[in-house]
Amino acid sequence: MRTNDEAETATVRQLKKGDFFRLNDSETAPVWVRDEYIPSAKKFSTHLYDDVNHERLRKGETTVYVEFTF
């Protein structure tokens, strides 16, 4: 259970390479990992924590949820 009323949020751009995040504020939401910036696409590579081959490119302004326990 969370003790705070609001979950900690950040943008993908603010995260460091290797940081974990979720797209939804839910305990059952999958955990993603921020990876490299792709200059040609102008997006950040992200992948699922448990499946490196499940890659998605995300804009740097995408708001994500951080500071969780899994």
Between Thr63 and Lys17, what is the spin-label point distance in nm, taking each point 7 Å from the Cα along the Cα→C-beta axis?
-> 2.9
Which residue, Thr28, Thr11, Thr46, tops the fluctuation ranking in a GNM of the chain built on C-alpha contacts under 10 Å?
-> Thr28
Spacing of the two label points (7 Å from each Cα toward its C-beta) at Ser40 and Ala10, in nm | 2.8
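Percent relative contact order of the chain, based on C-alpha pairs within less than 8 angstrom and at least six residues apart? Don't skip to the end; give the middle numbers.
Numbers: 126 pairs, mean separation 26.1, N = 70.
Rounded, it is 37 percent for the chain.
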Give the share of C-alpha pairs in each 10 angstrom bin for region 8-66, from 0 to the last occupied bin, in whole percents, shortest bins first.
-> 26, 59, 14, 1
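Values quoted throughout were computed directly from the atomic coordinates according to the rules given, and no laboratory measurement underlies them. Since this is a predicted model, take the numbers as computed values, not measurements. Positions of Cβ are generated from backbone atoms using ideal geometry, with glycine treated the same way; all protein chains shown enter the neighbour counts.
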